[in-house]
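The values are calculated or read from the model by the stated rules, or taken from the named source; none is laboratory data. Everything numeric here is computed off the predicted structure, so don't read it as measured data. A quick note on method: Cβ atoms are made from the backbone with ideal geometry, for glycine too, and the neighbour counts reach across all protein chains shown.
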Amino acid sequence: GGIITQTPKFLIGQEGQKLTLKCQQNFNHDTMYWYRQDSGKGLRLIYYSITENDLQKGDLSEGYDASREKKSSFSLTVTSAQKNEMAVFLCASSIDSFGAGNTLYFGEGSRLIVV
Amino acid sequence: SQWGEENLQALSIQEGEDVTMNCSYKTYTTVVQWYRQKSGKGPAQLILIRSNEREKRSGRLRATLDTSSQSSSLSITGTLATDTAVYFCATAQNSNNRIFFGDGTQLVVKP
């Protein structure tokens, strides 16, 4: 089996700061995702990537950048952290197409705290 | 509002009871997947149902899909306290990799 590792588990930054979350997977999956989960709410898609160096925007991409320089890693940057975006950020991967019935495998999440 | 912006629906039941959770989706999808998220963890897939299936079973789980009303349900029979979690449905927009998760149900099963 594989694993998705998200670092750091907690990311504390100041308002206006640029902050980066990292995600590594050893499944050798093509597709990777970043979701944001606000407290007591569902998951919203920020960015996804179907292969190395590919980036696709989700519904919540404004204020975020993403990078997929290697197949195994997908990073997310909060370009200017705001207090109203304190949330848990979840990284996931799948072999290729969800539409084909492939499972998403998630990391345990990174909690963003803005002070 | 977009999916994921609403508060989770909350359900509280006693161990041993059966429960059904519902999900409505907005665009065509070839697959509906149901995920469970335990506290402090990422979601994990429970069951998958394809658009050409009306029902799928796996152990104590039963998923249904009605493509005409764009809705799906997940039933759990004989719930256990360990079933306490948040349950989400997930669909793909236009069969691509743009995946959306439903608003979710917070299920509490009391021992």
Residues (part of a strand (DSSP E or B) and either touching a residue at least 60 places away in the same chain (Cβ under 8 Å) or over 16 Å from A:Ser67 (Cα atoms) (or both)) located in segment A:1-20:
A:Ile4, A:Thr5, A:Gln6, A:Thr7, A:Phe10, A:Leu11, A:Ile12, A:Gly13, A:Leu19
How many residues, within segment B:52-66, are more than 14 Å from chain A (Cβ to nearest Cβ), in contact (Cβ under 8 Å) with a residue 12 or more places away in the chain and assigned to a loop (DSSP other than H, G, I, E, B)?
2
Would you pick out the residues in segment A:32-82 that are of a type in the set (Lys, Arg) and either at pLDDT below 95 or not in a loop (DSSP other than H, G, I, E, B) (or both)?
A:Arg36, A:Lys41, A:Arg44, A:Lys57, A:Arg68, A:Lys70
Near pairs, Cβ below 6 angstrom, 6+ apart or cross-chain, from segment A:21-34 (within 12 Å of another protein chain (Cβ to nearest Cβ) and crowded, with 18+ Cβ neighbours inside 10 Å) to any residue that is among the aromatic types (Phe, Trp, Tyr) and assigned to a strand (DSSP E or B)
A:Cys23/A:Phe74; A:Met32/A:Phe74; A:Tyr33/A:Tyr48; A:Trp34/A:Tyr47
Scan B:Ile49, B:Ile76 and give me the residue that is surrounded by 13 or more Cβ atoms within 10 Å (Cβ to Cβ) and more than 10 Å from chain A (Cβ to nearest Cβ).
B:Ile76
In segment A:59-86, anything away from every other protein chain (no Cβ under 11 Å), more than 14 Å from A:Lys22 (Cα to Cα) and surrounded by fewer than 21 Cβ atoms within 10 Å (Cβ to Cβ) is listed as A:Ser61, A:Glu62, A:Gly63, A:Thr79, A:Ser80, A:Gln82, A:Lys83, A:Asn84, A:Glu85, A:Met86
